[in-house]
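**Q** Can you keep this structure in mind? I'll have questions shortly.
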Amino acid sequence: AAFHCARTLLDSKGRRIMVGLLAERRVIADNPHGWAGVLSLPRVLDLDADGRLLMDPAPEVCSTHEADWEYHGALSARAPLIPADLYEDSLELVMEIDPGSAGDVGVKLRSSPGGEEETAIRYDTENQNLTVDTRKASLNLDTGRSVNGTPLALKSGELLRLHVFLDRSTVEVFANRRACVSDRLYPTRDDSLGVEVYARGGDATITTLKAWRKKSVFFTS
């Protein structure tokens, strides 16, 4: 996993804030930037009524203005949703999906037109886990590639809620306040900027999809 060295603090509002290191996944000797790794977004920790850990992105890093792009409607296994005007390397996405009969649902980021490069965020409805798959994130074979995941059991009737932050070489995914997966990605192609929302093995419904184009938070590369 890319998230390491977590540290927490209490802020002036009494919130427990956690920050970690998103580790470098390039060969350090070949890194021309002179630095390695970046800090994660700050995460606000809390407990629910049953004492289970909850985790949210700090509101200060979340967009509050009108979304740049919105959609709701059916998501067919035969036809993924590919927004033509969301061709970006820095985005914030808020999604609510009813998985319906789909075996898995998710979103691909930093995708090239032919799918040579892509990073997939996937929710497996049968195994009830959330993963970030970077095995095709880069054509550069010297970068780390893996499938990092965490269990996420949805309650009966509960929608899959994803809050995704893409910042060039970083992706952080918050799900239903109960799960978070982060990773690093290093596409080599200038056209690896596409977004694709998909369902497999059955049809799903997007009840909410909002997207904000972001200026890079950490100026990562």
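**Q** Exactly one of (1) in a loop (DSSP other than H, G, I, E, B); (2) surrounded by fewer than 17 Cβ atoms within 10 Å (Cβ to Cβ); (3) touching an Asp or Glu at 6+ places or on another chain (Cβ under 8 Å); (4) of a type outside the set (D, E) is unmet by S138. Its number?
**A** (2)
**Q** Say whether the condition of being surrounded by 18 or more Cβ atoms within 10 Å (Cβ to Cβ), at pLDDT 95 or above, in a loop (DSSP other than H, G, I, E, B) and more than 17 Å from the chain's Cα centre (by Cα) is met by at least one residue in the range 101-117.
**A** Yes, because at least one residue in the range 101-117 is surrounded by 18 or more Cβ atoms within 10 Å (Cβ to Cβ), at pLDDT 95 or above, in a loop (DSSP other than H, G, I, E, B) and more than 17 Å from the chain's Cα centre (by Cα).
**Q** Please find, within the range 165-183, the residue that is surrounded by the fewest Cβ atoms within 10 Å (Cβ to Cβ) out of those that are more than 8 Å from the chain's Cα centre (by Cα) and not in a loop (DSSP other than H, G, I, E, B).
**A** Only one residue tops the list, namely A179.
**Q** Please give the number of the condition Y186 fails out of (1) of a type outside the set (A, V, I, L, M, F, W, C); (2) part of a loop (DSSP other than H, G, I, E, B); (3) open to solvent by 40 Å² or more (accessible area, probe 1.4 Å); (4) closer than 20 Å to L86 by Cα.
**A** It fails just one condition, (3).
**Q** Can you name the residue in the range 141-162 that is part of a loop (DSSP other than H, G, I, E, B) and open to solvent by less than 70 Å² (accessible area, probe 1.4 Å) and, of all such residues, is nearest to C180 (Cα to Cα)?
**A** This residue is L152.
**Q** With the requirement that a residue be hydroxyl-bearing (S, T, Y) and either closer than 20 Å to Y186 by Cβ or in contact with a Cys (Cβ under 9 Å, 6 or more places away or on another chain) (or both), what does the range 102-141 give you?
**A** Across the range 102-141, the qualifying residues are S111, S112, T119, T131, T134, S138.
**Q** Further question on the same structure: Here are the criteria: (1) modelled with pLDDT of 95 or more; (2) of a type in the set (D, E); (3) in a loop (DSSP other than H, G, I, E, B). Tell me which single one E24 does not satisfy.
**A** (1)
**Q** Based on what the data block shows, is S192 within 18 Å of V107 (Cβ to Cβ), open to solvent by less than 30 Å² (accessible area, probe 1.4 Å) and in a loop (DSSP other than H, G, I, E, B)?
**A** When the stated conditions are applied, S192 passes them.
**Q** In the list T208, T150, which residue meets the criterion of being without any contact (Cβ under 8 Å) to a residue 40 or more places away in the chain and out of contact with any helix residue (DSSP H, G or I) (no Cβ under 6 Å at 6 or more places or on another chain)?
**A** Only one candidate passes the filter, namely T150.
The values are calculated or read from the model by the stated rules, or taken from the named source; none is laboratory data. What you are looking at is a predicted structure, and each value in this text was computed from that prediction instead of being measured. As a convention, Cβ positions derive from the backbone with ideal geometry for all residues, glycine included, and neighbour counts pool all protein chains shown. Heads up: the accessible areas ignore ligands, DNA and RNA and are worked out on the full protein's heavy atoms, side chains in. Shrake-Rupley method; radii C 1.70, N 1.55, O 1.52, S 1.80 Å.
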